[in-house]
Amino acid sequence: MRKSLNHSAMPVAGYIEPWSVRAGTSTRAYLSCVDPLASFRIVSLDRDEQEVANWDLRIHSDTPQVRDFSLGSWVELPEFPAVDKTEWQFRFEFLPTKNGTRKTICHLGDLSVSIDADGHLEVGAADVVHALANVPNERWYEIIVSGSSTGVTVQLLALPRQGEIGRAEFPFAVRRPSRICIGSDGSEEAMSFNGRVGRISLDVAGRSYSWHFPTRGPVERLGTVEDSDLALTIHNMPTFCVASARFTSEVHDPRLEPSHFDAIHLHDDDFGGFDWPADLAINVPQDTRSGVFALEVTTQRGVERLPFFVRAAKPKAALAFLIPTSTYLAYADERLPPVRYPWHGSDRGHLFSIDNGFLCLYDVHSDLSGVSLTSARRPRATLRDDYHYPLSDCPHLLPVDLQLLKFYAREGTDIDVVTDRDLHDEGYEAVAAYKGLLTGSHPEYWSSDMMKALDRYLDTGGNLAYLGGNGFYWVVAYQGETMELRRVKSDIWTGRPGESHMSITGEPGGNWEDRGLRNPQSYLGVTYLIMSFGPSRPYHRLKESFSSEYGWLFEGVSHGPIGDSGTVLGGAAGYEIDAVVRSQETPGNLVRLATADGFDDSFQVRPEVWLADGSVERETLRRADMTIYRHAGGGQVFCTGSVAWIGSLPEPGESNAVGQIMKNLAEGFSRQACG
């Protein structure tokens, strides 16, 4: 289905790509806008007083306009040349999931097979419609369409035994279709089919063609087994590497039995990204400082700012702020249906997503399967400097992270920005020049390449400050502008049995604490334990923090509470918090410097965390821990253990203990030899 963007909630939507750009190079803006007279300028987002940048903006489109986009994935076979022989046969495997209305399963010229919400399959050709069968969802079937000079026969087989459960005859000549679609009728008006598609074959003119979906994907074109150049088209990024008709549940690794996972899952709300041409080119001057900027678009209905990140042409600062774009992308355009998630506030970005049917990695498709793929070519309507999270009624993600950069700018502390995607693409070299890395408030999503780069950074003596909570948690993979996640088991959504491996890389998905080697407890020293939207709490210092060894970190910090106010639920420890758990993997020289406790009863340790002493130990872990240890590579690893920490930095003209610790941390990391 293709439709125009609904701009009721926001006058402008779009994205900057690439959204991490080095000074001296360029990036591009892709926009949909209600105002043809809109104006553009570049502004800073990471300073208390907004800076207006006089950069070269090259406008490619005549006037801003409302764009259209496509939702729903489907498959289109290539056109075959006309032949004299009339006999042909087309067949494919499919598994229906939940469909709310009648949908096209396949379309062959004048002939179409469809299914309604109750599983009634019908076949129509010209003005004749036959009932084919009534089938339950979540079962594999095969449709066989055979044509000859005497007519067309449609058979429905139940797999794996291939018993016929339906047949329809059309005893009149139907010419072989030149266009064959699966999951859609190929028009721009109809919603596509929810379900899985397995092996496809076509016999025509004495030749056989077959398509087997790969376990690695997503891909947009797929050649036949016999001829790789004869390719079908896969529209709008369905899910690859899912259990097929050959899945027996005995093997869960597609690398061992690819034939068990040679299917794709189509959804009527799949979104492969916008296919718009660029509206503007943004040329970033060579001498531009590193930081967070935005394309500001002013319309008669209001102003929107599209963020992007500028890296230094050549690193000069001792510190780098590692911007968690993977987490930003995972949350981007979250729908947060109020039926499931009670709203305590509102935000136009979520309203925009609901109006347009966009989904993020926290949502489920209309057939209730989890969303596992997202594209950077999306509106990112919730990624704004003025974003307000409806569930907590406070800032989240980018606006919180900007508080750190504004604070350091105010204090005269030099710090560059580097994104985690830079770390993924360039590895250790992206951060090799820096003495210290500081994370954002919620660095939750990490790829294997990011982890390897961080390992090398720490092994070579780099310092790390983990300034968030629920960090280093989910495993993701990248392919170009696409990011993939497999949640496996979660209260967000649970994947299907056997489908924990990601199609992009083939590696296991899920969370890092279950993967081995890179359990956060082993290299951070803390584990994510609790999520709640209850009131945040302050930290209080523990005995070890008064040791002379950590005098550099607590210089100028009193014995009183640390972070008893803040933009994230009112304090420095809250929303999602981490603490030290008993584990043989915990660094032996880890020190707890401070802790936050006294949380209300909404803060409970997540049930899947195994604890040797059960409920007694669980009660003691209703806390957030601030920790530090010296890594074997020589650098320090400092953790705050809270999403809310950065939100407790002081406002302009003010000072507090959180700000003093962050100043001390920056000075210490810049000297490199801390303590």
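The values are calculated or read from the model by the stated rules, or taken from the named source; none is laboratory data. Predicted model only: the values in this text are computed from it and were never measured. Don't worry about glycine lacking a Cβ; one is built from the backbone with ideal geometry, like all the others, and counts go over all protein chains shown. Heads up: the accessible areas ignore ligands, DNA and RNA and are worked out on the full protein's heavy atoms, side chains in. Shrake-Rupley method; radii C 1.70, N 1.55, O 1.52, S 1.80 Å.
For this structure, a couple of remarks:
- What a 1.4 Å probe finds exposed on the chain is 48% carbon and sulfur by accessible area, rounded to a whole percent.
- Positive-end residue, the range 306-384 charge dipole about Cα centroid, Cβ charges, pick of LEU329, LEU319, LEU368: LEU319
- Placing unit charges on each Cβ (+1 for Lys and Arg, -1 for Asp and Glu) gives the chain a dipole about its Cα centre, and among VAL431, TRP446, THR224 the Cα reaching farthest toward its positive end belongs to VAL431.
- Full extension of the chain between GLN604 and HIS130 yields a length gain of 165.0 nm, computed as 0.36 nm times the residue separation minus the alpha carbon distance.
- The packing ranking, built from the mean of other Cβ atoms within 10 Å per residue, places the peptides 368-376, 35-43 in the order 368-376, 35-43, highest first.
- Shape of the range 563-661, Cα gyration tensor, a/c cut at 1.5: oblate
- Scalar couplings 3J(HN,Hα) for the range 472-478, obtained by applying the Karplus form with A = 6.51, B = -1.76, C = 1.60 to θ = phi - 60°, are 6, 9, 8, 8, 10, 9, 10 Hz; x denotes Gly and Pro.
- Order of exposure, largest accessible area first, which applies to LYS406, LYS103, LYS452, LYS314 with probe 1.4 Å: LYS314, LYS452, LYS406, LYS103
- Cβ-placed point charges (K, R +1; D, E -1), dipole of the chain about Cα centre in debye, nearest 20: 600
- MRE, 222 nm, helices only [DSSP H, n ≥ 4, -39500 (n - 2.57), over the chain, to nearest 500]: -3500 deg cm²/dmol
- Cα-projected label distance for ASP613 with LYS98, points at 7 Å along beta-carbon direction, nm: 4.3
- Measuring r between the beta carbons of HIS540 and ARG47 and using R0 = 35 Å, the FRET efficiency lands at 0.60.
- Distant-in-sequence amide H partners of ARG196 (H built 1.01 Å from N, under 5 Å): LEU95, THR97, LEU266
- For the peptides 56-62, 469-475, 151-157, the ranking by packing is 469-475, 151-157, 56-62, with the highest mean count of neighbouring Cβ atoms within 10 Å listed first.
- Among beta bridges identified by DSSP and lying wholly in the chain, the antiparallel ones come to about 85 percent.
- Electrostatic tally near PRO395: other residues with Cβ closer than 11 Å to its Cβ, Lys and Arg +1, Asp and Glu -1, net -4.
- Dipole of the chain, positive end: most advanced residue of THR97, PHE172, TYR575 [Cβ charges, Cα centre]: TYR575
- Here the simple spin-label model places points 7 Å from the Cα toward Cβ, and for SER39 and SER8 these points are separated by 3.1 nm.
- Anisotropy class assigned to the range 256-295 is prolate, per the alpha carbon gyration tensor with a/c at or over the 1.5 cut-off and a/b larger than b/c.
- Per residue, in Å², the accessible surface of the chain once ligands and nucleic acids are set aside, probe 1.4 Å: 38
- For GLY641, residues with placed amide H under 5 Å, excluding near neighbours: GLY468
- The distance separating the Cα centre of the range 418-437 from that of the range 331-367 comes to 32 Å.
- Heavy-atom accessible area order for TRP552, TRP610, largest first, 1.4 Å probe: TRP610, TRP552
- All other residues whose Cβ lies under 15 angstrom from that of GLY24 are scored, Lys and Arg at +1 and Asp and Glu at -1, for a net of +2.
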